[in-house]
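Data first, discussion second: the structure below is written as structure tokens.
The values are calculated or read from the model by the stated rules, or taken from the named source; none is laboratory data. It should be emphasised that the depicted structure is a prediction, and the values quoted were computed from it without experimental measurement. Ideal geometry is used to build each Cβ from the backbone, glycine not excepted, and the neighbour counts take in all protein chains shown. Surface areas here come from the heavy atoms of the whole protein model, side chains and all, with no ligands, DNA or RNA. Shrake-Rupley method; radii C 1.70, N 1.55, O 1.52, S 1.80 Å.
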Amino acid sequence: MVFEIPHIPLGDGVEVIVEWIEQNLGFLLDLFTAIMNILISGIRDVLFLFPPVVFILIVTAIAYFIGRRDAKLAIGVAFALVLLESMRLWAISMQTLSLVLAAALVALVIAIPIGIIAAKNETLLYIIRPILDFMQTMPSFVYLIPAVIFFGLGNVPGLVATIVFAMPPPIRLTILGIQHVPKELKEVGDAFGSTPMQKLMKIEIPSAMPSIMAGVNQCIMLSLSMVVIAAMIGAPGLGYQVLAAIQRIDIGSGFEAGLGIVIIAMVLDRLTQSLTPKR
Amino acid sequence: MEEKTKIEIRDVSKVFGKNPKKVLKLLDEGLSKAEILERTGHNVGLYKLNFEIRSGEIFVIMGLSGSGKSTLLRCINRLIEPTTGEIRIDGDDVIKMKPENLRKLRRNKLGMVFQNFGLLPHRSVIDNVAYGLEVRGIEKEQRYEKALEAIENVGLKGHEDSDISQLSGGMQQRVGLARALATDPDILLMDEAFSALDPLIRSEMQDELLALQDRMQKTIVFVSHDLDEALKLGDRILLMNEGKAVQIGTAEEILTNPADDYVAKFVAGVDRSKVLLAEAVMKRPDPVISINSSLKVAVQLMKKHGISSIYVVDRNKILKGFVTIDKAIDGIKENKKIENVMSEDVHKTAPDTPLNELIPIIESHSPLAVVDEKDKLIGVVVRGSVLGALAMED
Ligand SMILES: Nc1ncnc2c1ncn2[C@@H]1O[C@H](COP(=O)(O)OP(=O)(O)OP(=O)(O)O)[C@@H](O)[C@H]1O
Ligand SMILES: [Mg+2]
């Protein structure tokens with residue numbers, strides 16, 4: 001007789017859980033969907049508030065100021081955005097951008113506080129580590145399946161998958177930043193009689209800022225890459241155009257949309273990087 | 001200086017590790033720091049310290065690396081919790097304080113200056129200096145006013161809006177000092193505050209601290225591993241070794257009377273001429289002659305003691321001059337008084353003059369009269385005793 005290791009149907013278990021959640025917590029999911037839709041459309045409305053030319057001018061001005069009045073950043077940003085409009089990709093790009101910003105916003109609002117608490121709490125850190133590993137190494141497509149089941153097709157499932165996918169780096173980098181605040185600076189906080197909250201807000205977070213901002217940057221970049229993938233479950237935008245081009249084997253349209261994604265990525269990357277305080 | 005006790009250290013011990021109380025028992029049994037580290041993995045920081053720090057003094061904590069200086073300093077504001085013992089500041093035990101009261105104490109009474117300055121890189125000079133006031137909840141306008149005062153006090157006026165990274169090391173530590181002074185604390189804790197500075201700047205900062213102290217009269221606890229610095233700054237010095245107090249005393253007491261071999265070795269390399277003062281090597285001015293006496297008595301006294309000149313003082317021992325034996329004998333023949341033949345051109349010095357300043361004078365003018373600020377004769381320094389004291393170090 002051959003001894004066989006029994007087969008554990010882990011996949012079946014997950015299915016059962018997903019089904020249960022769908023049936024019993026449906027109202028919560030609906031509420032969440034509603035809130036996310038409001039967020040996305042809110043951001044999109046802001047992005048579409050101005051015609052492209054005005055928008056480009058505004059962003060260029062912002063780039064000029066956060067780039068410490070270095071014209072290089074501003075010129076690069078202006079050029080990239082003009083290119084976007086000249087390919088007639090403006091509207092679809094703003095669709096993508098609104099999803100990216102919404103996802104990154106939600107991810108950061110969750111991730112940064114978690115990171116701060118975990119940096120100070122051994123137990124939470126211990127629990128969170130394997131979860132982060134799991135979230136980061138699981139192929140991103142896999143998130144799409146439960147997202148579709150819970151939230152149907154459209155914007156929200158893509159958003160949720162994106163949030164989950166983009167959260168780990170800012171959590172990790174926030175933990176790292178807070179843990180590496182020099183001991184002497186923390187002693188300064190204590191020696192002058194700061195409360196724990198004052199110490200956090202006036203010393204720890206500001207001196208962890210470079211690391212936290214690196215997390216913000218990564219979060220936004222990952223959001224963008226995931227939003228493109230989320231086109232597979234119906235998220236609108238540049239990703240969808242790429243997907244459609246592949247299906248139609250339309251090289252030109254695929255290349256343009258791809259270039260649009262690269263442009264958005266570069267603009268977002270440079271802008272967030274120049275927001276990072278220098279040491 | 002007042003002799004009021006400001007900080008009282010009672011039976012303070014600190015062991016780093018998982019089971020410090022148990023390790024304390026081993027220490028009581030007489031095991032050394034090294035043995036304890038080997039057997040238990042515990043690090044002994046401090047062992048049974050008992051002493052007081054007086055109001056208004058600069059108290060220097062000295063010792064080799066690892067002797068427990070920083071640990072002791074950090075116990076005073078409880079950045080480190082001692083394993084046992086009491087630390088009283090103005091009578092209140094810091095160790096028993098609730099967090100709220102401890103915070104109040106740190107905000108109002110204690111200032112600290114750090115070895116690597118501990119400045120917040122994301123803040124300008126003035127916002128660094130104002131940190132302590134900000135934490136107290138003082139309005140911006142008021143705290144900037146006080147911070148500016150502190151910045152002026154340390155000679156950084158005009159730099160208040162600079163970035164920290166634009167400043168040199170010496171200037172950065174001035175910011176650190178200004179930050180500690182801005183809240184006007186009674187007590188300044190300084191951990192190797194000048195060690196990261198190069199020698200010239202360090203010496204400048206030491207002078208500045210002494211000048212500040214003249215104006216402010218704080219109680220300063222200063223950690224240093226540099227003996228010259230300790231001798232220069234310290235009204236009193238605590239010498240530590242392996243977490244224990246080896247000797248407490250003034251610079252002179254430690255130099256002239258080292259408690260044990262450790263201290264003796266420590267002070268062996270010191271330039272004693274900078275530290276030993278005239279009063280340490282002076283002798284009693286014996287004999288002297290009153291200005292109202294006759295010249296005959298003066299001659300008798302000189303002959304009896306085998307000396308060729310004698311100091312003349314008045315009723316209150318105020319130094320008036322000196323008479324040589326030749327002039328005295330001539331004077332007797334001419335029936336003169338002491339004041340007619342004495343020379344008023346006496347070489348004098350103050351009791352707190354260091355020997356290195358005396359050496360060039362004493363070469364040509366021995367003996368030297370030591371007088372207090374009222375010109376009262378309190379001692380004599382002769383060449384032999386100066387050289388003797390300097391030779392003692394070997
Ligand atoms: N957090 C800690 N954990 C364990 N051991 C410690 C800790 N802090 C200090 N020690 C140990 O306590 C002893 C005294 O250290 P302390 O830092 O007070 O020395 P120090 O006299 O200030 O030395 P240095 O001149 O190098 O600053 C040393 O043996 C050190 O290893
Ligand atoms: Mg130290």
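Filtered by the rule that a residue be surrounded by fewer than 24 Cβ atoms within 10 Å (Cβ to Cβ) and under 17 Å from the mean Cα position of the chain (by Cα), the range A:170-198 gives a lone residue, A:R172.
In this structure, does B:L239 turn out to be within 30 Å of B:A328 (Cβ to Cβ), touching a helix residue (DSSP H, G or I) at 6+ places or on another chain (Cβ under 6 Å) and surrounded by 20 or more Cβ atoms within 10 Å (Cβ to Cβ)? No, not satisfied. The residues listed here are B:K265, B:K274, B:K218; of these, the one that is under 23 Å from B:T5 (Cβ atoms) and either within 16 Å of ligand 1 (Cβ to nearest atom) or not aromatic (F, W, Y) (or both) is B:K218. Taking the criterion of being hydrophobic (A, V, I, L, M, F, W, C), over 22 Å from the mean Cα position of the chain (by Cα) and open to solvent by less than 70 Å² (accessible area, probe 1.4 Å), the residues of the range A:44-57 that qualify are A:V54, A:F55, A:I56.
All of (1) of a type outside the set (A, V, I, L, M, F, W, C); (2) in contact (Cβ under 8 Å) with a residue 24 or more places away in the chain; (3) open to solvent by 60 Å² or more (accessible area, probe 1.4 Å) hold for B:P360 with one exception: (2). On the stretch given as the range B:36-51, residues that are away from ligand 1 (no atom under 11 Å from the Cβ) and open to solvent by 70 Å² or more (accessible area, probe 1.4 Å) total 4. Filter the range B:36-93 down to residues that are β-branched (V, I, T) and either within 14 Å of another protein chain (Cβ to nearest Cβ) or within 16 Å of ligand 2 (Cβ to nearest atom) (or both), then give me how many there are. Residues meeting the conditions: 7.
Each residue in the range A:179-194 was checked for being outside any helix (DSSP H, G or I) and facing another protein chain (nearest Cβ under 7 Å), and 3 of them qualify. Can you say whether B:D330 is more than 30 Å from B:V267 (Cα to Cα) and not assigned by TED's automatic domain parsing to the domain that holds B:I254, as far as the supplied structure shows? Criteria met by B:D330. Scanning the range B:144-181 for residues that are more than 14 Å from chain A (Cβ to nearest Cβ) and in contact with a strand residue (DSSP E or B) (Cβ under 6 Å, 6 or more places away or on another chain) gives a single hit, B:D161. Residues in the range B:173-195 that are within 16 Å of ligand 2 (Cβ to nearest atom) and either among the charged types (D, E, K, R) or out of contact with any Phe, Trp or Tyr (no Cβ under 6 Å at 6 or more places or on another chain) (or both): 6 in all. Selection of the range B:185-197 for residues being within 16 Å of ligand 1 (Cβ to nearest atom), open to solvent by 20 Å² or more (accessible area, probe 1.4 Å) and either among the polar types (S, T, N, Q) or away from every other protein chain (no Cβ under 12 Å) (or both) yields only B:S195.
Filtering the range B:75-84 for residues that are within 15 Å of ligand 1 (Cβ to nearest atom), open to solvent by 10 Å² or more (accessible area, probe 1.4 Å), assigned to a loop (DSSP other than H, G, I, E, B) and among the basic types (K, R) leaves a non-empty set. Selection of the range B:267-288 for residues being in contact with a strand residue (DSSP E or B) (Cβ under 8 Å, 6 or more places away or on another chain), open to solvent by 40 Å² or more (accessible area, probe 1.4 Å) and farther than 15 Å from B:L231 by Cα yields B:E279, B:M282, B:K283, B:R284. Close contacts from the range B:69-82, counting a first residue that is not assigned by TED's automatic domain parsing to the domain that holds B:F51 and a second that is open to solvent by 30 Å² or more (accessible area, probe 1.4 Å), with Cβ to Cβ under 9 Å and a gap of 6+ residues or different chains, come to none at all.
Has the range A:213-233 got at least one residue that is open to solvent by 10 Å² or more (accessible area, probe 1.4 Å) and within 14 Å of chain B (Cβ to nearest Cβ)? The answer is yes; a qualifying residue exists. Only residues that are outside any helix (DSSP H, G or I), surrounded by 20 or more Cβ atoms within 10 Å (Cβ to Cβ) and within 16 Å of ligand 2 (Cβ to nearest atom): list them for the range B:198-231, please. Residues satisfying the conditions are B:V221, B:F222, B:V223, B:S224. If you filter the range B:232-256 down to residues that are part of a helix (DSSP H, G or I) and either within 13 Å of ligand 1 (Cβ to nearest atom) or closer than 30 Å to B:E152 by Cβ (or both), you find that the one that is modelled with the lowest pLDDT is B:K232. Do we have B:V23 as buried (at least 18 other Cβ atoms within 10 Å of the Cβ) and either outside the structural domain of B:P82 (by TED's automatic domain parsing) or not in a strand (DSSP E or B) (or both) here? Taking the combined requirement at face value, the residue satisfies it. Where helices (runs of 4 or more DSSP H) fall wholly inside the range B:104-184, the ranges with 2 or more residues that are among the polar types (S, T, N, Q), open to solvent by 10 Å² or more (accessible area, probe 1.4 Å) and farther than 18 Å from B:F222 by Cα are B:140-153.
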